[in-house]
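Asker: Dropping the structure in here first, questions after.
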Amino acid sequence: MVKQGIKNYFIGLKFFFTPLGTMFLGMMIGVSILIPGIAGGISQLTDGIKELAVNVNLDFNALLGEVWTAVRALDWDDPAGAIQTMLSAAWINEQVTQALHTLLGTDFDSFSAEVVALVSRFTETVVVCFVMFIVFWVLGFIAGFFIVKFQIRKNIAKRSLWKLILASVLDSVLTAVFVVAAAFLFSLWQWSILISAVLLILLVGCIALLEAYLLYGRGKMELKSIVNLKNAGLYALTDAIIFLISIALTLLACVINPLMGLFVGLTLIEIAAIVIHMNAESYVKSLAAPDQAA
């Protein structure tokens, strides 16, 4: 099982550029909203400030340059942290207010209340644009997940329509049973959460193997030959190895470039999650029909 599971993972890696591409497509759509939105917000901000008094003047390009300088000053060696900071309304408000104070000088003090109100509206606009950017990024990630899942399934665990429906029902029922059982034990004894966590690894394997048996092995082999602690342990070991490989490849990419490492890591974890979900099916299917094994 371990060898076959790892083999499935490397088969899945040939689709690496599919989720990476959909993520970048989502980001490009998001950027097409983000950049014009920020530029429009800055334009409205400068126009609003110019309307305060005839002698108040603000250069659009100078303000944009100050904002861009603040963005570049973030620690991009930690891209996740830099993005989190940049998405903070408080940080945006602080940086824009500081830039305006520098550019306007004494005029800022004369109209501070009005300027602060304009900056608040600008911040709201920027936050909305960032949210749209993230939404399209996530949609690209989700689209890549389903496309790759379909491609990988064709290679290692193809299902008919009725098996797809049956698997969905089994997933829902078995997951619900486990959640209810864990909640019941927790209500009786709070430390049972530790037992649940320990058993979860084996139970996930047993549930995956049971589902795979019902889909591919029923009537062809004995249930106990598939659903047992040994196979559940091997399933968990396979999952751990796959995740360790993904982490190692991600760290290697991070050494080359942290931002690249972020995208590589997201893509590898996505593929790993898909393969892990299908490994039990692939294993049982290979035993039930060796001539159709991946």
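Values quoted throughout were computed directly from the atomic coordinates according to the rules given, and no laboratory measurement underlies them. On a predicted model such as this, the values are computed, not experimentally measured, just so you know. Ideal geometry is used to build each Cβ from the backbone, glycine not excepted, and the neighbour counts take in all protein chains shown.
Asker: May I ask for the net charge around residue 227, where only other residues with Cβ less than 13 Å from the Cβ of residue 227 are counted and Lys, Arg are +1 while Asp, Glu are -1?
Answerer: +1
Asker: Something else: For the range 23-136, just the Cα atoms, rotate onto the principal axes and tell me the three extents in Å, largest first.
Answerer: 47, 25, 21
Asker: Which residue, 13, 2, 89, has the largest displacement toward the positive end of the dipole of the range 1-149 when charges sit on each Cβ (Lys, Arg +1; Asp, Glu -1)?
Answerer: Most positive-ward Cα: 2.
Asker: Among 124, 281, what is the fewest-to-most ranking by other Cβ atoms within 10 Å?
Answerer: 124, 281
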